[in-house]
1. Taking the range 233-276 as the search range and keeping residues that are in contact (Cβ under 8 Å) with a residue 40 or more places away in the chain and acidic (Asp, Glu), which one is farthest from Tyr367 (Cα to Cα)?
2. Output yes when any residue across the range 393-408 is crowded, with 22+ Cβ neighbours inside 10 Å, more than 17 Å from Thr315 (Cα to Cα) and either touching a helix residue (DSSP H, G or I) at 6+ places or on another chain (Cβ under 7 Å) or among the β-branched types (Val, Ile, Thr) (or both), and no when none is.
3. Inspect the range 305-325 for any residue being outside the structural domain of Trp144 (by TED's automatic domain parsing), under 20 Å from the mean Cα position of the chain (by Cα) and in a loop (DSSP other than H, G, I, E, B) and give the result as yes or no.
4. Any idea which of (1) in contact with a Gly (Cβ under 9 Å, 6 or more places away or on another chain); (2) part of a helix (DSSP H, G or I) is the one Tyr53 doesn't satisfy?
5. For the condition farther than 30 Å from Lys226 by Cα and touching a helix residue (DSSP H, G or I) at 6+ places or on another chain (Cβ under 7 Å), what is the one hit in Tyr366, Tyr301, Tyr349, Tyr343?
6. Pairs, please: C-beta under 6 Å, at least 6 apart or cross-chain, first residue under 30 Å from Trp108 (Cα atoms) and in the range 125-151, second in a helix (DSSP H, G or I) and of a type in the set (Ser, Thr, Tyr)?
7. Return yes when Lys229 is modelled with pLDDT of 95 or more, touching a Leu at 6+ places or on another chain (Cβ under 6 Å) and within 25 Å of Asp375 (Cβ to Cβ) and no when it is not.
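The values are calculated or read from the model by the stated rules, or taken from the named source; none is laboratory data. Quick caveat: nothing in here was measured; it's all calculated off a predicted structure. Glycine also receives a Cβ, built like all others from the backbone with ideal geometry; neighbour counts cover every protein chain displayed.
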Amino acid sequence: MMLLSGVVLAGCTDWLDVRSKTAVDEEELFSREMGFKEALTGIYTQMAGSDLYGRSLTYGFIDRLAQRYRENNSALYDFPSWANESYVNSIWKRTYNVIANINNLLAWIEERPEVISTPGYLEIIKGEALGLRAFLHFDLLRLWGPVYKENPASPAIIYRTQFNRENKGLVPANEVLAYILQELDEAERLLANDPMIIEFPARETIDARDNFLKKRFKRMNLYAVKALKARVYLWAGDKTNAFKYAQEVINGKDATGKPYFALVTNNASDGIFSTEIIFSMSIADFSTQVTGDFGFNSQSYYIEGIAAFNELFNTAIDGTNDMRYRSGQGFDVTVNSACTRKYVQTGLYSEVVRNTLPLIRLSEMYYIMAECTHDINQAYGWIYDVCDARAMGDLPLFANEESMLDRLRIEYCKEFYAEGQYWYFLKRHNIKEFVSWMSHIEFDESRYRFSIPEDEKVLGTI
């Protein structure tokens with residue numbers, strides 16, 4: 001696996017050599033098409049690190065904030081504090097490291113486009129890179145930016161598109177969103193001919209020319225870009241476009257008319273809902289990581305207390321048949337605790353999804369459409385489709401938009417357990433209380449907004 005050379009932090013306070021390479025090494029790397037592919041693969045490897053999407057930004061720190069594991073620690077929400085500073089600083093630093101590598105790759109593409117000689121590969125590589133840069137900036141905005149509907153013009157993050165040491169100021173949140181959407185528009189154009197090879201299980205009869213185009217659900221593919229646009233537009237409050245792109249993803253079909261994605265109706269051997277995966281990370285030796293992180297011991301990610309488990313999964317109203325809740329299916333359950341089976345690496349539905357951690361799934365598109373329609377009955381239908389697939393049983397009707405949004409909160413809580421997305425729903429709606437055992441904390445924007453690392457400010461970068 002080959003990564004790029006010198007990597008710059010957001011505010012240029014430090015430089016990190018991902019791999020010691022001289023200018024001559026980099027000249028050689030980008031003198032061949034394989035070098036561009038290796039560099040792009042290296043970017044995905046960085047993103048899959050445990051301090052980013054391999055743990056912290058999925059089932060780790062971000063889900064701790066969402067009280068997935070019942071941590072009654074108010075210091076987690078004081079930014080900065082001893083309880084969060086190391087996580088926050090690391091996420092900032094590592095994310096901008098990856099963005100710097102993307103910027104370097106894109107600079108070399110502009111300098112040597114002729115090196116990428118296989119038809120269609122230049123568009124795929126550049127489209128993926130732009131989509132990833134938008135994806136990373138958007139998550140920085142969701143973490144460091146304001147509660148958008150309350151304060152859209154608030155200075156939020158640095159937006160970096162060049163591989164250099166130039167100091168940059170914080171960009172207002174609404175301008176960040178404009179930059180992100182501009183990049184996603186270009187990524188969508190470049191990926192228009194994405195082959196979308198995502199079959200489960202993989203069929204060796206598929207001619208992908210090489211492994212580069214296989215398993216598109218593990219890359220920033222065309223429909224991942226569309227799904228991300230739905231997310232971004234929803235964050236911006238543009239429900240018309242959010243609905244449009246979510247619907248395009250749901251309706252996406254291959255040349256034979258077969259849908260690219262389908263809701264899963266049995267998670268007994270398919271905990272990550274494989275046929276729903278739109279975009280995911282490949283985690284090296286995930287089996288060892290899962291064994292160490294999920295289990296009933298003091299170092300693991302599990303729900304302490306069956307009452308807390310039942311509250312998170314709304315069993316008083318929804319019952320216990322929901323496959324996301326069921327013992328031996330969605331969770332391993334003891335007398336006093338419950339631990340998710342989502343990432344168990346044995347008995348998988350398909351070997352294609354081994355070491356896979358989902359970042360965008362189909363069910364989110366249904367929820368986005370429900371939130372963006374003006375028809376309460378139509379919203380009920382979109383949410384019911386997911387609940388029915390999960391064998392939940394009857395879904396209570398919505399009396400009004402408020403009750404619909406409360407159901408969406410419950411669904412995000414259930415559906416994206418150990419995936420990180422629930423926290424963003426809470427922040428987007430500026431929800432003040434979300435679990436009974438944290439009711440003594442009044443949430444406001446300050447508790448939803450990460451702090452800028454001190455060294456960035458001390459050195460005058462920001």
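1. Among those that are in contact (Cβ under 8 Å) with a residue 40 or more places away in the chain and acidic (Asp, Glu), it is Asp254.
2. Taking every residue of the range 393-408 in turn, none turns out to be crowded, with 22+ Cβ neighbours inside 10 Å, more than 17 Å from Thr315 (Cα to Cα) and either touching a helix residue (DSSP H, G or I) at 6+ places or on another chain (Cβ under 7 Å) or among the β-branched types (Val, Ile, Thr) (or both).
3. For the range 305-325, residues outside the structural domain of Trp144 (by TED's automatic domain parsing), under 20 Å from the mean Cα position of the chain (by Cα) and in a loop (DSSP other than H, G, I, E, B): present.
4. Tyr53 satisfies all of (1) in contact with a Gly (Cβ under 9 Å, 6 or more places away or on another chain); (2) part of a helix (DSSP H, G or I) except (2).
5. It is Tyr301.
6. Going by the 6 Å Cβ cut-off, the qualifying pairs are Leu136/Thr95; Leu140/Thr95; Arg142/Tyr424.
7. Judged against the criteria, Lys229 is a match.
One line per residue, one yes/no per condition, for (1) over 24 Å from Ser282 (Cα atoms); (2) assigned by TED's automatic domain parsing to the domain that holds Tyr53; (3) modelled with pLDDT of 95 or more:
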position	(1), (2), (3)
Phe217	no, no, yes
Leu222	no, no, yes
Tyr233	yes, no, yes
Ala236	yes, no, yes
Lys239	yes, no, yes
Phe243	yes, no, yes
Lys253	yes, no, yes
Lys258	yes, no, no
Thr265	no, no, yes
